[in-house]
Structures are given as C-alpha cells and as structure tokens.
Amino acid sequence: MGRLCVTLMFAGSVIALLAAALFQGIMTPGDGSYMAISSFGGGRVALSEPMRYLAVAAAGAAAGVVTAGVLYAAGARVEPQRRIGLTVVAGLLGSAVGVAPVLRAVALMVDLSDWLSPLVPYAISGAVAYGLAIAAVFLALRAVDDPATSQTVQAVAVVLPVGALLATICGVAGAWALGFATVTSTWIVVIAIVLIVLSATFAAGRAVGLRRATDS
C-alpha cells in the first residue's frame, strides 16, 4: 500500500494546489497578504498566503491517503517491478536541479549583460536539465538493477523533449489565463502544470521502456 499511498498523496497535493491557485488567481489574485479565517475556538486567525497553500497541499495529500486506502481495500495494487514512480521522481529531481539556477535568477530579477540574449540562459538550463534528468533516471534504475534500464533511458531521451515543450506551452497558457501576474498563485499554477505534464512524460517513457524490454 505504501507506493500507492505515496503516489496518490503526491497527485492529491499537486491537483489541490493547482485548483486552489487557479481559483484564487482568477477570482482575486493574491499579493502575499494575510487573510483572517475563523478558528475552531470561534476567534479569527491571520493566515499568510504561503500557509494557506500549505494547508491546501496537506488537504490534498490527506485526500490521496483516503483514496489509496479505499483502492487498496478494493484490491488495487502497484507492481513494484514496474518502478514508474522511481522513474518519475528521479526524472523530476534531475530536471529541477538543471533549471534551479535560471529560476533563481528569474526570482531575483538578475540583470543580464547587454550582449547576452535572455534566451541563452534558458537554452543552457534546458539542455542541462535534459541531461541531468536522463542521468538521474539511469542512475536510479541502475541502482536497483532494473533489467529495462537502457530501454527506459532511451525512451525517456526521446519523449522528454516533447514533454518539455508541452509543459512549457501549458505552463505559459496557465500564466496567460491569470494575466501573467507575478504573484504566488500564478507561480503555483505554472509549477503544478509543469509537474503534471513532466510526470506523465517520465511515466510514458518508463512504460515504453518496459514494453521494449518485454518485446526484446
């Protein structure tokens, strides 16, 4: 039940954050201010925007746990040898390390030299993230002596550029829907969309790799 629970906790948190951020961004774009909410004791408690999203993520994770328990009781099982979750986690971590420098530069609004095009850092970061994601998948599967390691890495290498392009398009579309506002809700929407698309991409790469290993 552990793998099923962790998977649905992650999915529940991301989906809950995406839904909450979309709602807030469309209705009343947040600016990081505090919101007064009712407490169990009948008083009012000031809750910051990050804390509100943390509570939403926790609620999504709790819903994932409940869903996992119901599915497990109904007979649903996750096959350990498929290692789709391991592939997704490794790929996402590798991608995150690759794009971390440019995201930090954007967050800090670092000024570029006049001769340097803004596209150059993004291109370099994307190439590094691509290489690190593939390397992370390879190392993670090799560490557990997975027989479909090479087939999975080859499949991920092919589908990842397509998934990254789709993630970029969907992320920009989400930001556009919220008016490209530089507020917490917009960042969360974009990150959640990218996580969902990339997770599906790595899962698809693993599925193709397993099929190729079975056919060979």
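The residues listed here are 136, 167, 155, 127; of these, the one that is at pLDDT 95 or above and within 22 Å of residue 101 (Cα to Cα) is 136.
Look at residue 173 and say whether it is on the phi < 0 side of the Ramachandran plot, assigned to a loop (DSSP other than H, G, I, E, B) and among the hydrophobic types (A, V, I, L, M, F, W, C). Walk me through how you get there before you give the answer.
Numbers: on the phi < 0 side of the Ramachandran plot: yes; assigned to a loop (DSSP other than H, G, I, E, B): no; among the hydrophobic types (A, V, I, L, M, F, W, C): yes.
No; evaluated as a whole, the condition is false for this residue.
The residue that is farthest from residue 210 (Cα to Cα), counting only those in segment 67-84 that are among the small types (Gly, Ala, Ser) and open to solvent by less than 70 Å² (accessible area, probe 1.4 Å), is 69.
Would you mind stating whether residue 149 is open to solvent by less than 30 Å² (accessible area, probe 1.4 Å), at pLDDT 80 or above, hydroxyl-bearing (Ser, Thr, Tyr) and closer than 27 Å to residue 18 by Cα? If you could, list the steps in order and put the result at the bottom.
Numbers: open to solvent by less than 30 Å² (accessible area, probe 1.4 Å): yes; at pLDDT 80 or above: yes; hydroxyl-bearing (Ser, Thr, Tyr): yes; closer than 27 Å to residue 18 by Cα: no.
Criteria not met by residue 149.
Inspection of segment 116-124 identifies at least one residue that is without any contact (Cβ under 8 Å) to a residue 60 or more places away in the chain, open to solvent by 20 Å² or more (accessible area, probe 1.4 Å) and touching a helix residue (DSSP H, G or I) at 6+ places or on another chain (Cβ under 7 Å). Filtering segment 116-126 to residues that are in a helix (DSSP H, G or I) and of a type in the set (Ser, Thr, Tyr) leaves 122, 125. In the set (1) open to solvent by 60 Å² or more (accessible area, probe 1.4 Å); (2) under 18 Å from residue 89 (Cβ atoms), residue 180 fails one condition alone, (2).
If you scan segment 127-148, which residues turn out to be part of a helix (DSSP H, G or I) and touching a residue at least 40 places away in the same chain (Cβ under 8 Å)?
Hits for segment 127-148 are 133, 134, 135, 136, 137, 139, 140, 141.
Against the definition (open to solvent by less than 80 Å² (accessible area, probe 1.4 Å), polar (S, T, N, Q) and touching a residue at least 60 places away in the same chain (Cβ under 8 Å)), how does residue 87 come out, yes or no? Write out each step before concluding.
Values: open to solvent by less than 80 Å² (accessible area, probe 1.4 Å): yes; polar (S, T, N, Q): yes; touching a residue at least 60 places away in the same chain (Cβ under 8 Å): yes.
Yes, satisfied.
Can you tell me which residues in segment 150-179 are of a type in the set (S, T, N, Q) and in contact (Cβ under 8 Å) with a residue 60 or more places away in the chain? Correct list: 151, 152.
The values are calculated or read from the model by the stated rules, or taken from the named source; none is laboratory data. Worth saying up front: this structure is predicted, and the values here are computed from it rather than measured. Glycine gets a Cβ as well: all are built from the backbone with ideal geometry, and neighbour counts include every protein chain shown. Just the protein is used for accessible areas: all its heavy atoms, side chains included, with ligands, DNA and RNA removed. Shrake-Rupley method; radii C 1.70, N 1.55, O 1.52, S 1.80 Å.
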